[in-house]
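Everything on this sheet refers to the single structure shown next.
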Amino acid sequence: MNRRAAIQRITMILGGALSAQLTAGLMGQVINLGPSVAVSEAQQKLLAEVADTIIPTTDTPGAKAAGAEQFIMRVLRDCYVREEQERFYAGLAKLEEESLKLSKQGFAGLDAAQRHELVKQAAASNKGFFLLLKHLTIAGYFCSEIGATKALEYLPIPGRFEGDLPLQAGQKAWAL
């Protein structure tokens, strides 16, 4: 293992905020060798809409444009056991059911304010589902090309290391 890979792994371990599954997903590893949940096209579209509610399009593209739902589905399939996948997709289905109760239409048909309110309710009533969804959405977004280059300041070929540079007013944080 080279020094850069070792430093990346130590940083992730010491960070403590990332689960073992998310860390493995970020490293492109497959730790779930058992069966996985088959994801329908409707679930994929719903996941894209919910992720886009968490990181919406503003002056930068949102999670849907970055393809965060593809990352979420891959990490769930490759790094979470079937029971955890089933709980996650059950939470997603519950969100769709609540949307249908609220407005007689699916989540995708709601306006931004209604989506935001429904996601806030899900965060309060089903914390486990929402925290996993939020962590995977953020990781998927900022690991994408759009997240790294449009939402963060990106320097493809860095110069010398300067660890304490002040940010200019309105400057984005740096992508690592």
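A residue that is more than 23 Å from Leu26 (Cα to Cα) and free of Cβ contacts under 8 Å to residues at least 24 places away in the same chain cannot be found anywhere in region 127-145. When Gln168 is tested against the conditions (1) at pLDDT 90 or above; (2) of a type in the set (S, T, N, Q); (3) surrounded by fewer than 14 Cβ atoms within 10 Å (Cβ to Cβ), the lone failure is (1).
Taking the condition of being basic (Lys, Arg), surrounded by fewer than 16 Cβ atoms within 10 Å (Cβ to Cβ) and either modelled with pLDDT of 90 or more or part of a helix (DSSP H, G or I) (or both), how many residues in region 94-133 meet it? Residues that pass the stated criteria total 4.
Within the group Glu69, Glu97, which residue is charged (D, E, K, R) and out of contact with any helix residue (DSSP H, G or I) (no Cβ under 7 Å at 6 or more places or on another chain)?
Working: Glu69 fails: out of contact with any helix residue (DSSP H, G or I) (no Cβ under 7 Å at 6 or more places or on another chain).
Exactly one residue qualifies, and that residue is Glu97.
The values are calculated or read from the model by the stated rules, or taken from the named source; none is laboratory data. Everything quoted here is computed from the prediction, not taken from an experiment. Virtual Cβ from ideal backbone geometry, glycine too; neighbours counted across all protein chains shown.
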